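Taking it in order: structure first as structure tokens, then the write-up.
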Amino acid sequence: MKKIVSIVTIFAVLFLLIFSTSMYAATLDTIEITTNKQTVHPGENVIVNIAFGQDLGSYTANVDYDNNLFEYVSVEGATANDTGTKVKAYYYDQTGGSTPRNSMSVTFKAKDAITTSNPTDFSITLEGLANPDASITYDDVTTPIIKDVMVEPVYEDYKIALNYTGDVIINEEKDMEIVISSSMGKNYEKARIVAEVVAPEGGSVKLLATDSQNLEHDIVQSGWGDPQGDKIGGKDMVKRMQARGIFTAKGEYAITLKLIDRENSDAVIASKTFRINAKETPEQVTPETPETPDNTKPTTPTTPETGTSSESQTPTTLPKTGNTIYLGLILVVAILISSYAVLKRKDKN
């Protein structure tokens, strides 16, 4: 009999425990936590929204944050206590269930003195959860719910300049300065400068620069600096490099300078093309060979009165000279003598 009573008692206790748990405690699995932005700039607000998924008469939210990046601004739907690194926000419906809430939010502001990209997060836990009339309580959320955000300044694109003065003369070194700048440059751990050239026919370019170890680099052939890149970025960032340009032929050259990210498959961060016209000095110009005159062709004189060539004028009458008259007389005399001799010979016969 005692064994039966003991067994009944154990079953009754287990039943009461199961019944009370099912009636008065439950897991609230409808909670959703979001932020209104993923990237926050200095001076901007970010809101952490907590949606419970159903009406509650009481709740307490603990929101941990990085006070190097954020400062607490306000809470909506609760009474808040800010400790400097954590906001404890709680709500209790004192009307007994007539003014329940199904969400709350906490607002933070990113601090102004931020000059780099800072991944961070908000860590949220919940406790004291109950339905409007407090007939059901919910398990505390002790495992933090993490919401990631990025806090970074508004970056300005990098600018590239290639500075020099005067004309560029072929085969003479020209001092040049390469400048990379940004008033707020995004941070890169392994950035590098490279160059590409389009040259006129027969021409080539060298951009020579000497590093801190007194090693000379041709930026066109091998880029500048450590092959794995160097750190770059920050407020009012300026990087200057002194170089010497050598151009081997006259004409227009197109030099494209690129800033690339070695950590991201050499993705181009910034790029600019410069057009440079290389010239020759007067001493470098090869004089043209003058044409040799053709002395084999006779020069035709011109008639002073008209200025036209006497060769081109055809005479209408032959000029009469003394020699021509004498030849005519001799011919006539010869004919007469011949005729007289012939006649004389006939008379004799």
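The values are calculated or read from the model by the stated rules, or taken from the named source; none is laboratory data. Just so it is clear, the structure is predicted and the values come from calculations on it, not from any experiment. Reconstructed Cβ throughout: ideal geometry from the backbone, glycine too, with neighbour counts over all protein chains shown. The accessibility values were calculated without ligands, DNA or RNA, using every heavy atom of the protein model including side chains. Shrake-Rupley method; radii C 1.70, N 1.55, O 1.52, S 1.80 Å.
With 91, 72 as the choices, which residue is free of Cβ contacts under 8 Å to residues at least 40 places away in the same chain, among the hydroxyl-bearing types (Ser, Thr, Tyr), farther than 18 Å from residue 37 by Cβ and surrounded by 14 or more Cβ atoms within 10 Å (Cβ to Cβ)?
On the way: 72 fails: farther than 18 Å from residue 37 by Cβ.
Being free of Cβ contacts under 8 Å to residues at least 40 places away in the same chain, among the hydroxyl-bearing types (Ser, Thr, Tyr), farther than 18 Å from residue 37 by Cβ and surrounded by 14 or more Cβ atoms within 10 Å (Cβ to Cβ) holds for just one of 91, 72, which is 91.
Which of the residues that make up the range 66-93 are part of a strand (DSSP E or B) and hydrophobic (A, V, I, L, M, F, W, C)? Walk me through it before giving the result.
So in the range 66-93, the residues part of a strand (DSSP E or B) come out as 70-76, 79-82, 86-92.
Within the range 66-93, 70, 73, 75, 80, 87, 89 qualify.
Would you check if there is a residue in the range 228-238 being modelled with pLDDT under 95 and part of a loop (DSSP other than H, G, I, E, B)?
Yes; the residues of the range 228-238 include at least one that is modelled with pLDDT under 95 and part of a loop (DSSP other than H, G, I, E, B).
Any idea which of 190, 159 is in contact with an Asp or Glu (Cβ under 6 Å, 6 or more places away or on another chain) and either farther than 30 Å from residue 31 by Cβ or among the charged types (D, E, K, R) (or both)? Before you say what the answer is, go through the steps one by one.
Values: 159 fails: in contact with an Asp or Glu (Cβ under 6 Å, 6 or more places away or on another chain).
None of the other options fit; the residue is 190.
Among (1) closer than 30 Å to residue 237 by Cβ; (2) crowded, with 17+ Cβ neighbours inside 10 Å, there is one condition residue 57 misses while meeting the rest; what is its number?
(1)
State all residues of the range 163-186 that are in contact with a Pro (Cβ under 9 Å, 6 or more places away or on another chain) and open to solvent by less than 30 Å² (accessible area, probe 1.4 Å); if no residue qualifies, say none.
In the first step, residues of the range 163-186 are kept if they are in contact with a Pro (Cβ under 9 Å, 6 or more places away or on another chain); the result is 184, 186.
Of everything in the range 163-186, just one residue is in contact with a Pro (Cβ under 9 Å, 6 or more places away or on another chain) and open to solvent by less than 30 Å² (accessible area, probe 1.4 Å), namely 184.
Look at the range 28-44 and say how many of its residues are in a loop (DSSP other than H, G, I, E, B), open to solvent by 50 Å² or more (accessible area, probe 1.4 Å) and either free of Cβ contacts under 8 Å to residues at least 40 places away in the same chain or farther than 27 Å from residue 112 by Cβ (or both).
3
Before we move on, is residue 225 under 20 Å from the mean Cα position of the chain (by Cα) and without any contact (Cβ under 8 Å) to a residue 40 or more places away in the chain? Outline the logic, then answer.
Details: under 20 Å from the mean Cα position of the chain (by Cα): yes; without any contact (Cβ under 8 Å) to a residue 40 or more places away in the chain: yes.
In short, yes.
Table: residues versus (1) touching a Leu at 6+ places or on another chain (Cβ under 8 Å); (2) of a type outside the set (Val, Ile, Thr).
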residue: 107; (1), (2): no, no
residue: 128; (1), (2): no, yes
residue: 135; (1), (2): no, yes
residue: 176; (1), (2): yes, yes
residue: 193; (1), (2): yes, no
